[in-house]
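This report refers to the structure that appears directly beneath it.
A short reminder: the numbers here are calculations on the coordinates, not readings from a lab. Keep in mind that what you see is a predicted model, and the values were worked out from it rather than measured. Cβ atoms come from the backbone with ideal geometry, glycine included; neighbour counts cover every protein chain shown.
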Amino acid sequence: MFRVKRLFKIPDISFGRLPTPSQISSYIKQCIDASQYDFHETESFEVTGIITDDPLNRGSVTGTFINDPSQPAVILRPVQTAVLTVPVVGEHVIASEYNGQHFYTAILNRKGNVTENSMPGISGTYDPKTTYSADGTFKTKPVRPIQISEGCTLFEGRMGQSIHFDRNKKNNSPNIKLRANDRDTSEMKSENIDTDDSSIYLTTNGLEFKQTTFNGKEIKGANVLIKSDDIFITGRNNIFLEADEVFINAKKVGTIKMGDPRAPMVPTVRGDVLLQFQSDILTFMSDILGALSGSPANIAKAALKLPPKLLRLVDVVTKQTFLNKQVVTANPDFTLPKPPKIPKIPEVPKVKIPPSIKDIQNNT
């Protein structure tokens, strides 16, 4: 099945004018031995089953050799352990043999399809009930092939995920694009951080000329760009954010929350309104003291200025304009209740079950 071919080299044997039979026999044997194989011959192999639940044979496949289906059934193990590209049923892999063990190295690109390249039945009888996976969960779907360029390295998943070691064609700087997208067609396109479902870009000298902006801002230099519907970042101990400027923006009221998420949220205070409120109080009190210490004519004149200032103070309190309801924080006076102790579940007493009538009849 698999052979090792050695490079042919004519044996260096000195003969006399009349070589003996033993010398001729030795020469022939060395020529035959030199013509044997020294490289591994590979063969295409149609996959009919994939082993996924056996730790020792994880990713191994069963199937039939395409060139010679009469060969004995074997299990092909993946040639690598750290990087696995698991086939689906009907795909063809490259089989080889090393030290008596059979391996597969790659999936043959039969159809140029990102999702699957399955062509079942090539090695024998085709079963129309054949599914891509044993449990029937793997389904073919249109997946957009990523537009490539010279020199790039692309790791492309079957479902619309990819890791692209790309380059900025304008300045030949390196970029890395990680993306997962389930809204695709079979049309070949480049990644798009604005329309793909989830993306993480790492740039060194801006984005390529086809897409130079992110959220309306031109991207230059080294950046890490993240975009998705929801982004969760959890630190078991600490999260550090440090920069010359930190921007936290929210478009809806009450959507910037700080503190323990289990506590009730209360609005924060607007510093500018509170400062103006304190200034108005001091001015109001000063006007009252000035009015009370003057002549009756001055008192009446000063009293006319008090109602507008009093109304402005009342307006700040009644409308709560001193509160920032867009940025809320956990109520510091709220104490989380301690969880109740769960009682220990008693063990079920062991009871000897009497034998059934059927067991008694079998033992008699």
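Details
- FRET efficiency estimate (nearest 0.05) - Cβ-Cβ, Leu178 to Asp135, R0 30 angstrom: 0.60
- Cross-link partners of Lys257 among lysines (Cα-Cα below 28 Å; sequence separation of 8 or more within a chain): Lys217, Lys227, Lys319, Lys325, Lys338
- Dipole size of region 247-333 about its Cα centre, with +1 on Lys/Arg Cβ and -1 on Asp/Glu Cβ: approximately 340 debye, rounded to the nearest 20.
- Each 10 Å bin, from zero up to the one with the longest distance, holds this percent of the alpha carbon pairs of region 42-139: 16, 52, 29, 2.
- Range of Cα positions in region 153-227 per principal axis (Å), largest first: 32, 26, 19
- Applying 1/(1 + (r/R0)^6) with R0 = 30 Å to the Cβ-Cβ distance of Asn237 and Ile200 gives a FRET efficiency near 0.80.
- Of all lysines in the structure, those lying under 18 Å Cα to Cα from Lys111, and not within fewer than 8 positions of it along the same chain, are Lys139, Lys141.
- Spatially, region 233-281 and region 106-149 are offset by 51 Å when compared through their Cα centroids.
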